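Only one structure is covered here, and it is reproduced in the block below.
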Amino acid sequence: MKKICSLCTCLILFSALSSTAQTSFWQQLGPYGGVVNTLAINSNGQIFAGTSGGGIFRSTDDGSSWSAVNTGLTNTSVQALAINSTRGYILAGTYGGGVFRSTDGGGSWSNVGLTGAALYAQALAVNSDGLILVGTGSGVLRSTDNGGSWSASNTGLTNTSVHGFAVSSSGQIFAGTGGGGVFRSTDNGASWSAVNTGLTTTSPVFALAMNSSGQIFAGTYGGGVFRSTDNGASWSAVSDGLMNTFVVAVAVSSGGQIFIGTNGGGVFRSTDNGANWSPASAGLTNTFVQALAISSSGHIFAGTLGAGIFRSTDNGGNWGGVSTGFTAASVDAVAVNSLGHIFAGAAGESAFRSTDNGETWDAINTGLPGNDIEAFAVKASGEIFAGTQGGGIFRSTDNGGSWGAVNAGLTDTYVQALMIDSSGRIFAGTLRGGAFRSTDNGENWAAINTGLTNNSVRSFAINSSGEIFAGTGGQAVFRSTDNGTTWSGSYTGIPANASVWALAVNSTGHIFASAGGGIYRSTDNGGSWRTINTGLPSFPSVRAFAINSSGEMFAGTSAGVFRWTDGGQKWSAVNTGLTATNVYALVINSNGELFAGTYGGGIFRSAATTSVEENAGEVPASFSLKQNYPNPFNGSTAISYQLSAVSFTKLEVFDLLGRKVATLVNEVRPVGSYIVRWDAGNLPSGVYIYRLTARPIDDGSSVRGGQAGQFVQSRKMIVVR
């Protein structure tokens, strides 16, 4: 009976560990922010934000904190939100995935089953009777039974690119289009008629809103604001004081004040029904305002192009960022310097820096123009260079504290790639101007395009001999043996018109290139190439490579991160915990940790990737084998051991039946402290034994823990799935 009780206790303990001690290879870090396309607030005051790439976020505390609510949401580019409080559901329109519905406050989502053009939803409208309208680039889809069935509803709609809806208290529906002005429906969206008298612009109507008096406000992209006081029959321009006419959002407060969000001009406010406008952007650090929403308490929320959410509690007088937990940033570039500081370039928000291994982030934009950062490069002396979309190259000499433009001679300011060689020469790849080189720390640049027959340079790599490889946007790879002065094509085996977004060279001189929907490798210095796609999904978009100190290659793809080892000759996914799998950038720090910049998910940090790390600190006083960490674990764990003498060393893993499942070390190793990372792969859950055997090779003396002449120690670890 006693034995049975002991077995039960072990099973209960193991069950508890399995359910609570799961670990992930990746951890999401930040920085907070992201591209916010749409906002909606329900009757309980919960706020929902639809983002580009990060899906939907929800706040239950007036915007102070946010959490992703994406269960069931298979497309994370959310363009529109609508809430039917009467029926108790939320609708989300996505770009490419159709429309999703949640009946539990965003806890879970299901697709309503639209196909074709309706997969690209740009606008949504609902009413209490079960009507749903979906605006797409090809017209309107309508459901009169809460999404049970759908039909096209384009009668009279002479412009079918629908960007916004507004519904009046009497049930009339207005649709803003991309060049056709405004259309009105008086029969629940069954038919439409143009109502454009006085609407003197052909600019797209991106936003519509109504006040309590029935006045309609139309925000146009380039033509400012128009107002109708007669149900759309006629319109008049109301843009006095409006210093930016690219209007993408309109909201009306319960007190009748009107707020508009503009593309680059921030927020404007009118207190006289649009007759006059004044700026209302104090504290708004990002002036590309794409969405506005007002809560029942009068708090105003602004969604921006890159900086996440801002809130005003004083009617637009002042704004403060409220993006805690809002991990929706799209990160195109990542770099790490010799101090271990990490730099991230995020879409719409320029640069961030972390000095604590990614735990917290600070914006470092002093001197930067706001252009998206496409590439970083860090010199051994500490200077940091940032290549931007349209702003050229910026240099920081104070660890990112401030930046200055260094564009003399740079005739194309759309910079896609940066690289620094061992002599301090800096190379820049541009969208249309080819390659440039600076030999004076960025002060001056010279075009180096002789032999380069494609002038869109997207990536660089350099081998141990100093030969440079350039990946282009349409003619694969070029090689230079004279520091970029001349180039020759190096693409036998690669599709001749391939775009190469990423290049890398490992310690054996093998070159890796992303091209043609996969990865190619050259073992003859670029003379010829062969695909190495075993283990990759079909036609992945590969945007980044990184190599750790053990020679393992990592590829950032549209389907997550994959690892390659020369011994394995195949790629294996390492995506546990990577909730945003479209990876744009990769970098590895000195600890072997991998940082991944993602589309819509910010930065993720991995567990240490190096198989064996040596601690060059004090000489250990004795032999020892430490408990692995984490334990229990799901995926990989780290095993530490110490050698007090030069020893033939074995580190092996066994199952409980005594069968060897892995040999992690099997060689002579010098005195020191070591960390071995073991990936359990597809091994099942259970208890495993790892054993260290160390036999000193300098003399025959015995060491504590084993037979004469060797040290032996074993420990247990638990794999949980």
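Any read-out appearing in this document is the output of simple, stated calculations on the displayed coordinates, not a laboratory observation. From a predicted model like this one, the values you see are computed outputs, not experimental measurements. Glycine gets a Cβ as well: all are built from the backbone with ideal geometry, and neighbour counts include every protein chain shown.
Observations on the model:
- Overall form of segment 543-594 per C-alpha gyration tensor (a/c, 1.5; a/b vs b/c): oblate
- Neighbourhood charge, 13 Å Cβ-Cβ cut-off, centred on residue 112 and excluding it, Lys, Arg +1 and Asp, Glu -1: +1
- For segment 157-165, backbone phi angles converted through the Karplus equation (6.51, -1.76, 1.60; θ = phi - 60°) give residue-by-residue couplings of 8, 7, 10, 9, 8, 9, 10, x, 10 Hz, Gly and Pro being listed as x.
- For the chain, lysine pairs separated by 8 or more sequence positions, or belonging to different chains, with Cα-Cα distances below 22 Å total 7.
- The length gained by stretching the chain between residue 712 and residue 663 to full extension, at 0.36 nm per residue less their Cα-Cα distance, is 16.1 nm.
- Nearest 10 degrees, 0 to 90: helix 2-20 Cα axis against the chain principal axis: 50 degrees
- Length added when fully stretched, residue 318-residue 229, from 0.36 nm per residue minus Cα-Cα: 29.0 nm
- The phi torsions of segment 353-370, fed into the Karplus equation with coefficients 6.51, -1.76 and 1.60 and a -60° offset, translate into couplings of 9, 10, 9, 10, 6, x, 5, 9, 9, 10, 5, 10, 10, 4, x, 7, x, x Hz, rounded to whole numbers, with Gly and Pro shown as x.
- Additional length obtainable on full extension of the chain from residue 276 to residue 528, 0.36 nm per residue less Cα span: 84.1 nm
- Positive-pole candidate from 419, 582, 25, dipole of the chain, charges at beta carbon: 25
- Residues within the reach of a label modelled at residue 619 (point 7 angstrom out along Cα to beta-carbon, backbone nitrogen below 18 Å), restricted to segment 646-672, are 646-648, 669-672.
- For the pair residue 42 and residue 168, label points projected 7 Å from Cα toward Cβ lie 3.1 nm apart.
- Taking amide hydrogens as placed 1.01 Å from N in the peptide plane, the amide H of residue 711 sits under 5 Å from those of 694, 695, each at least 5 positions away in sequence or on another chain.
- Karplus (6.51, -1.76, 1.60) ³J(HN,Hα), θ = phi - 60°, over segment 34-46, in Hz, Gly and Pro reported as x: x, 8, 9, 9, 7, 9, 8, 10, 8, 5, 8, x, 6
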